[in-house]
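K.L.:
Handing you this structure, nothing more for now.
The values are calculated or read from the model by the stated rules, or taken from the named source; none is laboratory data. Just so it is clear, the model here is predicted, and its values are computed rather than measured. A quick note on method: Cβ atoms are made from the backbone with ideal geometry, for glycine too, and the neighbour counts reach across all protein chains shown.
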Amino acid sequence: MAYQRLLSPLQVGRLSLPNRVIMAPLTRARTPDMVPGELQATYYAQRAGAGLIISEATNISPTARGYVYTPGIYTDAQEAGWRKVVKAVHDAGGRMALQLWHVGRVSHDSVQPGGQPPVAPSALRGEGAQAFIEFADGSAGRAPASTPRALALDEIPALIDDYRQAARRAKRAGFDMVEVHAANAYLLQQFLATGSNRRTDRYGGSVVNRARLLLEVVDAVSQVMGADRVGVRLSPFIEIFGLSDDEPEAMMHYLAEQLSLRKIGYLHINEPDWTGEGPQLSDAFRRDLRERFRGVLLYCGHYTAERGEALIDNGLGDAVVFGRPYIANPDLVERFRRDAPLNTPDPDTFYGGGAEGYTDYPNLD
């Protein structure tokens, strides 16, 4: 059998994974009413051979949105829709986590309730950040993100409660885990980074203060799910949507230690060169992270089966998260098992549309 380490079982908290091939959270913009349906149930069930499926980024509240046609987890209808998706995945023998998402300033007035500005740690627009909106003629496309307003201190408890309520709905829907999205220059990373967080209260300034919101969110979600059913996604050193940070390594050291103390299920690192830009993570950084975070480590970013096998074999990570390969190869694990060629994904069908480029990629057999 090819790739024996990659295809070996892995224990994540109380959850037993049959392999270490993880399906990445992939925004596909195919829920025009923000409610997952039969199409999503089919799509995810087709990929149930993954050790763990991490859902597409899912809005925790109406103000969390920055992209039209993306699902939520804040209404009864959305919860019911996700319940059908999870059942389809479980019936196919899979396991699934829901990624909890708030975009912060990477949004547009037109997708916010009442046309209000999006919220962020500080009233600083992300240079080059683009939202995905619906235009007056019914078409959809990218538009420059709006200038946000700073969250007031007394609004933060309600924001944390939005995460808590989303986790409660996820648990009722049957998800095996939830993942807190604190990466890719969205709201929680905006609080972490020096360039987007200019606050002078207890959520700004020092590393400890800038990390406070993320850790309070993790604590709130862990109270619902149990800490070992919670993952956190981070993207150290990433350079997108105008994000800048003078202290990325110090922040990663602190977060790794704090999240290790909390005994969360896993830490998911989205590598900074996933867009084709940004620095590559060094093995020295990975070894340092391994020392500071004693739990399960996932890495995502341009991985092949060969690179993933080497990462695990070298003890630098425990599992590998695959994105675009999972778009085009619903049976990715079996293809790795047979060392078979992969289907090529079609970028023209990544976002929006229906079954084409979504549920119609062929299996080996």
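K.L.:
For the list (1) crowded, with 22+ Cβ neighbours inside 10 Å; (2) under 26 Å from Glu291 (Cα atoms), I need the number of the one condition that Tyr163 fails.
P.N.:
Of (1) crowded, with 22+ Cβ neighbours inside 10 Å; (2) under 26 Å from Glu291 (Cα atoms), only one is false for Tyr163: (2).
K.L.:
Collect the residues in the stretch 315-328 that are farther than 13 Å from Arg20 by Cα and in contact with a helix residue (DSSP H, G or I) (Cβ under 6 Å, 6 or more places away or on another chain), keeping them in residue-number order.
P.N.:
Across the stretch 315-328, the qualifying residues are Leu316, Pro325, Tyr326.
K.L.:
Next question, about the same structure. For the subset of the stretch 128-140 comprising residues that are within 22 Å of the chain's Cα centre (by Cα) and on the phi < 0 side of the Ramachandran plot, which member is surrounded by the most Cβ atoms within 10 Å (Cβ to Cβ)? Break it down stepwise before answering.
P.N.:
Restricting attention to the stretch 128-140, the residues satisfying the condition of being within 22 Å of the chain's Cα centre (by Cα) are 128-133.
Filter again for on the phi < 0 side of the Ramachandran plot, leaving 129-133.
On the way: Ala129: 22, Gln130: 16, Ala131: 24, Phe132: 22, Ile133: 21.
Out of the qualifying residues, it is Ala131.
K.L.:
(1) closer than 20 Å to Phe350 by Cβ; (2) assigned to a loop (DSSP other than H, G, I, E, B); (3) hydrophobic (A, V, I, L, M, F, W, C): which one isn't true of Ile53, the others all being true?
P.N.:
The single condition Ile53 does not satisfy is (2).
K.L.:
Let me ask something else. Being part of a helix (DSSP H, G or I) and hydrophobic (A, V, I, L, M, F, W, C): is that true of Val218 here? Outline the logic, then answer.
P.N.:
Details: part of a helix (DSSP H, G or I): yes; hydrophobic (A, V, I, L, M, F, W, C): yes.
Judged against the criteria, Val218 is a match.
K.L.:
Determine, yes or no, whether Val12 is within 26 Å of Gly226 (Cα to Cα) and out of contact with any helix residue (DSSP H, G or I) (no Cβ under 7 Å at 6 or more places or on another chain).
P.N.:
Values: within 26 Å of Gly226 (Cα to Cα): yes; out of contact with any helix residue (DSSP H, G or I) (no Cβ under 7 Å at 6 or more places or on another chain): yes.
Here the answer is yes, as Val12 does meet what is asked.
K.L.:
Within the stretch 21-67, can you find the residues that are within 22 Å of Asp331 (Cβ to Cβ), under 16 Å from the mean Cα position of the chain (by Cα), surrounded by fewer than 22 Cβ atoms within 10 Å (Cβ to Cβ) and aliphatic (A, V, I, L, M)?
P.N.:
Leu26
K.L.:
Would you check which residues across the stretch 250-273 are under 19 Å from Ala193 (Cα atoms) and either modelled with pLDDT under 95 or among the polar types (S, T, N, Q) (or both) and list them?
P.N.:
Initial filter on the stretch 250-273 (under 19 Å from Ala193 (Cα atoms)): 250-259, 267-273.
The answer is Gln258, Asn270, Glu271, Pro272, Asp273.
K.L.:
On to the next question. Might you let me know whether the stretch 175-195 holds any residue that is crowded, with 18+ Cβ neighbours inside 10 Å and of a type in the set (Asp, Glu)?
P.N.:
Checked against the condition, which is being crowded, with 18+ Cβ neighbours inside 10 Å and of a type in the set (Asp, Glu), the stretch 175-195 yields at least one hit.
K.L.:
Also, I was wondering about something else. Failed condition for Arg30, given (1) outside any strand (DSSP E or B); (2) modelled with pLDDT of 95 or more; (3) over 26 Å from Asp348 (Cβ atoms), with all others met?
P.N.:
Of everything listed in (1) outside any strand (DSSP E or B); (2) modelled with pLDDT of 95 or more; (3) over 26 Å from Asp348 (Cβ atoms), Arg30 misses just condition (3).
K.L.:
Quick check, is Asp273 among the charged types (D, E, K, R), closer than 28 Å to Val320 by Cβ, surrounded by fewer than 21 Cβ atoms within 10 Å (Cβ to Cβ) and in contact (Cβ under 8 Å) with a residue 60 or more places away in the chain? Reasoning before the result, please.
P.N.:
Numbers: among the charged types (D, E, K, R): yes; closer than 28 Å to Val320 by Cβ: yes; surrounded by fewer than 21 Cβ atoms within 10 Å (Cβ to Cβ): yes; in contact (Cβ under 8 Å) with a residue 60 or more places away in the chain: no.
Spelling it out, it is not the case that Asp273 is among the charged types (D, E, K, R), closer than 28 Å to Val320 by Cβ, surrounded by fewer than 21 Cβ atoms within 10 Å (Cβ to Cβ) and in contact (Cβ under 8 Å) with a residue 60 or more places away in the chain.
K.L.:
Inside the stretch 90-115, can you point out the residues that are outside any loop (DSSP other than H, G, I, E, B), in contact with a Ser or Thr (Cβ under 6 Å, 6 or more places away or on another chain) and buried (at least 20 other Cβ atoms within 10 Å of the Cβ)?
P.N.:
Selection gives Leu98, Gln99, Trp101.
K.L.:
Pick from Ile269, Ile264, Ile312: which is in contact with a helix residue (DSSP H, G or I) (Cβ under 7 Å, 6 or more places away or on another chain) and over 28 Å from Gly352 (Cβ atoms)? Reasoning before the result, please.
P.N.:
Numbers: Ile269 fails: in contact with a helix residue (DSSP H, G or I) (Cβ under 7 Å, 6 or more places away or on another chain); Ile312 fails: in contact with a helix residue (DSSP H, G or I) (Cβ under 7 Å, 6 or more places away or on another chain).
Just one listed residue meets the conditions, Ile264.
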